[in-house]
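Following: one structure in C-alpha cells, then a few remarks.
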Amino acid sequence: MNESISEIVQLWARILPKIKNEMDDNMVFDTFLSDSYIDSIEGGEMIIVVNSPVAVTVLSSKYKDLIDRVVVGATESNFTTRFVTKDEIKSQKTSPKEVQKPQYFSDSILNPSYTFKNFVVGPSNREAYQASLMASQNPGKLYNPILIYGDSGLGKTHLLHAIGNAAKERFPKLRVLYVHAQEFLDEYIKYVKGDREGASIVDWFKSSVDMLLVDDVQFLSNKKNTEETFFSIYNNFYSAGKQIVLTSDQHPSKLNGLDDRLKSRFIQGLPLSINVPEKETCENILRMRIEANGLDVNDFDEDALSFLAGRFGKNVRELEGAFDRLLFYTINIQPTKHIDLKTAMRSVSGLVNIKEDEERLSEQKIIDTVADYYNLAPYQIVGNIRTSQIAMARHISMYLIRILLDIPFTKIGKTFGGKDHATVMNGVNKVEKSLKTDESLKKAVEELRGRLKA
Ligand code: ADP
Ligand code: MG
C-alpha cells in the first residue's frame, strides 16, 4: 500500500457524496455505505469495508458498476472496488501467532496536501507563516518552541503539516511527528494500559522523534498525568535543541486547566497569533483555489470573489466550503463559464438561508455543529467508526440532541444509523457522567451550546 492513511480517508470522503448523488436510492446509501471506509489500496483495487455481509452482497451485485464508475471519475485512475466486512479484514490480517502490540503513533502521518506553497500569506498570518517557514528550514535553531494560536479554521493545522512536509523535503532523514493532542491522550492511555510495544513513551520520543508538531494542545487541559508526561517529553526536546511547534485555540496564558509549569513553558516559547484574514487575503485564497481547480481567474468577476470573501471570510474552512458550493452549482446546476456576482449569490443561497434559519434547532443542525467543532464530517458522527475522538463527538451529539430536543433514545438511534436504545443511552450517560469531572468536556459542551444558541 503506497498511499498514506490520511490520504485514503480523504479520498473516500470525497468520493462518498458523489456516489450518493449517483444512486437513485438514498436508503441503500444510508444503510450500506454511509459508514464505509477504505481499508487499503492494493494493485489498483480499493478494499472497502462495509458494515455487514448483506452490504457486501448488495453492493457487489447491484452497485459495483456505478461505484466503480464514480471512483474512476473521481480519481482519474482505473481503480476497481472490492467490498468486504471488518471481520474478513481482521481474519486476513492477524493469524493468531503473530499478534503484536502496535508501535507508538503508527497512524500519525503528515498530510501532503498542506504545504507552504498553497498557504496564502497576508497580514493576518504573516508572523506565524514566517516563523513556521524558518522552523522548517532550521529546525530547533531559531525559534523554539513555537506556539501558534487562533480561532478554528484559520490555518493552524495547515501550517503544522506544512512545516513537517517542508522539513522532510529538506532533511529527508529528519523524523517528524505530527500528532493531534487528542491522539497523544489516546496513545498515553494505551501506553499506561500496557498496549504499546517497547520503551516508555518518554524514552520513545527521545529516541524516535526529531521534530514534534502537536496540534490543539488545549485538549491536554485537565489531564494531569498526561500533562506530566508531556512536560517531560517537552523538556527533553527543548534541552536537546529539537524543534517543537504547537497550536492552540487561545494564547497559552488563557489555557485554563493546563498545568502551570506547562503553561509558562509555552509562554516562554514564541506565541504567535493567527487572525481572521483580511478581505484581500480571502480573495487571494479564492484565486488560489480557482487555479488549483484548473480554472481561469478571469472567468470570475471581482465582485463575485469580493462577495464570497466578505460573507464567509471569518473562517477559511467556511470560505472553502462556499467556494466548493459555487463550483458545484456552476458545473451541475446552472452550467456557466463566466461567474458573476448573481451566480455567486445564488450558489450559496442555501448556506445563507441555513444561517438565517438558525432559530430552528434540529438533530441535523446539532450533528453539523458538533462535526464542525471537531473537524469531522457529519457522516462520521452518525457512522460506526470508533476512534476515540469520533466516538466522543458522537456521544456529545447524542447528549445535546437528548437534552435540547428531548427526543427519545430510540429515535435518536435511528438518526445515528440505526443504533439501538441502549447504545444511545450509554452514550448520553457517559457524557453526563464525564461532565461532572472533565473540565475540558464541559468547556466544549458550553462552546457548542453557544454555537447552537441553546
Ligand atoms: P485550523 O487548524 O486553524 O482550525 P486549518 O488549518 O484546518 O484551520 O484550515 C482550514 C482550511 O482552510 C484548510 O483547508 C486550510 O488548507 C485552509 N486555509 C486556512 N488558511 C489558509 C491560507 N492562508 N491559505 C490557504 N488555505 C488556508
Ligand atoms: Mg486545526
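The values are calculated or read from the model by the stated rules, or taken from the named source; none is laboratory data. This is a predicted model, so every value here is computed, not measured. Cβ sites come from the backbone with ideal geometry, for glycine too, and all protein chains shown count toward neighbours. Protein only, heavy atoms only, side chains kept; ligands, DNA and RNA dropped before computing areas. Shrake-Rupley method; radii C 1.70, N 1.55, O 1.52, S 1.80 Å.
What to note about this one:
- Amide H contacts of residue 46: 80, 81, 82, each under 5 Å away and 5 or more positions distant or on a separate chain (H built 1.01 Å from N in the peptide plane; Pro and chain starts excluded).
- Distances between placed amide hydrogens fall under 5 Å for residue 222 paired with 258, 259, all partners being 5 or more residues away or on another chain.
- Ranking 331, 189 from most to least accessible surface, computed with a 1.4 Å probe over the protein chains only, gives 331, 189.
- Estimated D of the chain in µm² per second, where Rh is the Kirkwood radius over Cα pairs and Stokes-Einstein applies at 20 °C, 1.002 mPa s: 89 µm²/s
- Inter-part distance, the range 289-349 to the range 141-195, computed on C-alpha centroids, equals 32 Å.
- Label-point gap, in nm, between residue 279 and residue 171 - each point 7 angstrom along Cα→Cβ: 4.3 nm
- Above-threshold pairs, the threshold being 20 Å between Cα atoms, out of 263/436; 224/254; 365/430; 411/436; 254/433: 263/436; 365/430; 411/436; 254/433
- When nucleic acids and ligands are ignored and a 1.4 Å probe is applied, residue 278 ends up with an accessible area of around 60 Å².
- At the residue level, residue 169 shows approximately 150 square angstrom of accessible surface with a 1.4 angstrom probe and all protein chains present.
- Net +/- balance of residues flanking residue 435 in space, Cβ distance below 15 Å, scoring K and R +1, D and E -1: +2
- Local charge for residue 108 was computed over the other residues whose Cβ lies under 10 Å away, with Lys and Arg +1 and Asp and Glu -1, and equals -3.
- For the range 5-94, diffusion coefficient by Stokes-Einstein and Kirkwood Rh (Cα), 20 °C, 1.002 mPa s, µm²/s: 163 µm²/s
- Area of residue 288 that stays accessible when all protein chains are in place (1.4 Å probe, Å², to 10): 50 Å²
- Full-extension gain in nm, residue 25 to residue 199, via 0.36 nm per residue minus C-alpha separation: 57.5 nm
- Remark: accessible surface ordering of 58, 192 (largest first) is 192, 58, probe radius 1.4 Å.
- Once exposed loop trypsin sites (Lys or Arg not before Pro) are cut out (DSSP; at most 11 other Cβ, 10 Å), longest piece of the chain: 194-336
- The Cα-based radius of gyration and maximum Cα-Cα distance (Dmax) for the range 126-273 are 14.3, 43 Å.
- Here r is the Cβ-Cβ distance between residue 77 and residue 130 and R0 is 45 Å; the resulting FRET efficiency, rounded to 0.05, is 0.75.
- Each label was represented as a point 7 Å from its Cα along the Cα-to-Cβ direction; for residue 314 and residue 251 these points are 2.1 nm apart.
- Charge tally in the Cβ shell below 10 Å around residue 387, where Lys, Arg are +1 and Asp, Glu are -1, residue 387 excluded: -2
- A 1.4 Å probe run over the range 28-158, with the rest of the protein chains in place, finds 52 Å² accessible per residue.
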